[in-house]
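Report on the following structure.
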């Protein structure tokens, strides 16, 4: 038996409860993984709240983690018991002491990387790769706006964008988070609670606006983000902790502005074998080279509900993990 944290119904953090699960032996192309670290991400709260549906209840949440291979299926070719591995992407079910995963989902962790670093960086890191390589091919001199730049995703995007030579403007929700965004490498840090942040963003980015605006806030922030993008620029809307996003008229993107609005999915990105292989390989190289976002908070697996409550309150910074 293995302990897992499952949502018993859609609702608040309190619906996450410990259950016993029988994991079983791996199928031919599967691996049995004993987990050490599990990443906590905002997308987990969307499934828990019912914004995104789950197939059945109770449902074990989570899309990333790291641990040790315990047993392999007879058709597994590249992994052996004892290998240190990490993963992100479907299927749902990371909030557990152990789980079965396809071999194709797992990547070996370099000896220099801890479970904590790997297990907390896979989903956010692959999302950063998607944003800076697939959504917009970032090059030296580009202007990138990163909302929530002190958060786990924000910090890794800022760090990676700077390594690509971009100019980065970060926004944060309070003065206490300014230094975290600066430490990550943001050239300028603005308070998105300040009514002048949009005008200041355009002024800083050569008076033309940014090439890419990364909006993980949602609500009315998306329309504001659209106002700071230069011609042929892109707004990437990633989430909506601030609430539902009002409709955007296609006409407002066109003739006079020629800008794009995209809702990219890191889970779909991870589900593409070639993109996943290339993205995770580059991510692990970057992590090994020191592009590490500090872990803002860690919780025992059984305290997943408290982790969700803290995440949704906005008082956390950096990456968040559950430990087994």
Fill in the blank from the handout: Expressed in µm² per second, the diffusion coefficient of segment 140-262 from the Stokes-Einstein equation, with Rh the Kirkwood radius over alpha carbon pairs, at 4 °C and 1.567 mPa s, is 92
Completion exercise
Cα-based Rg then Dmax for the chain, in Å, read 19.7, 61
Exercise for the section: Over the Cα atoms of segment 19-130, compute the convex hull volume and normalise it per residue, giving Å³. Expected result: 110
Practice task
Let me know the shape class of segment 73-141, please: from the alpha-carbon gyration tensor, a ≥ b ≥ c as square roots of the eigenvalues, rounded when a/c is under 1.5, otherwise prolate if a/b is greater than b/c, or oblate.
Solution key: prolate
Practice task
Between the alpha-carbon centers of segment 214-262 and segment 64-101, tell me the distance in whole angstrom.
Solution key: 37
Handout entry: Max mean-square fluctuation residue, GNM over the chain, Cα-Cα springs under 10 Å, options 166, 75, 148
Key = 75
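Need one word for segment 200-251: rounded, prolate or oblate. Basis is the Cα gyration tensor (sqrt eigenvalues a ≥ b ≥ c); a/c below 1.5 gives rounded, then a/b vs b/c decides.
Numbers: a/c = 2.26, a/b = 1.69, b/c = 1.34.
Taking the square roots of the gyration eigenvalues as a ≥ b ≥ c, segment 200-251 is prolate.
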Practice task
Please identify, among 314, 279, 195, the residue showing maximal mean-square fluctuation in a Gaussian network model of the chain using a 10 angstrom Cα cutoff.
Solution key: 195
Exercise for the section: Please work out, to two decimal places, the log10 of the ratio I(q)/I(0) at q = 0.13, 0.19, 0.28, 0.29 Å⁻¹ from a Debye calculation in which every Cα of segment 269-324 carries one identical scatterer. Expected result: -0.50, -0.83, -0.94, -0.97
Exercise for the section: Calculate how steeply helix 115-129 sits against the longest principal axis of the alpha-carbon atoms of the chain, using the helix alpha-carbon long axis, and give the answer as 0 to 90 degrees to the nearest 10. Expected result: 40
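Could you work out [θ]222 nm for the chain from helices alone, using -39500 (n - 2.57) per DSSP H run of at least four and dividing by all its residues? Round to the nearest 500 deg cm²/dmol. Please report the intermediate quantities before stating the final value.
Numbers: 9 runs with 88 residues, N = 324.
So the helix-based figure for the chain works out to -8000 deg cm²/dmol.
Mind sorting 77, 258, 237 by how few other Cβ atoms lie within 10 Å of their own Cβ, fewest first?
Numbers: 77 8, 258 12, 237 21.
With the sparsest Cβ surroundings first, the list reads 77, 258, 237.
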Problem - Evaluated over segment 76-196, the Cα radius of gyration and Dmax, each in Å - result: 17.2, 56
Practice task
With no solvent and one equal point scatterer per Cα, compute the Debye intensity ratio I(q)/I(0) for segment 1-85 at 0.14, 0.21 Å⁻¹ and report its log10, rounded to two decimals.
Solution key: -0.58, -1.02
Problem - Base-10 log of normalised Debye intensity for segment 186-324 (one unit scatterer per alpha-carbon) at q = 0.10, 0.14, 0.18, 0.19 Å⁻¹ - result: -0.47, -0.92, -1.28, -1.32
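Values quoted throughout were computed directly from the atomic coordinates according to the rules given, and no laboratory measurement underlies them. What you see is a predicted model; the values in this text were computed from it and never measured. Neighbour counts are summed over all protein chains in view; Cβ atoms, including those assigned to glycine, are modelled from backbone coordinates with ideal geometry.
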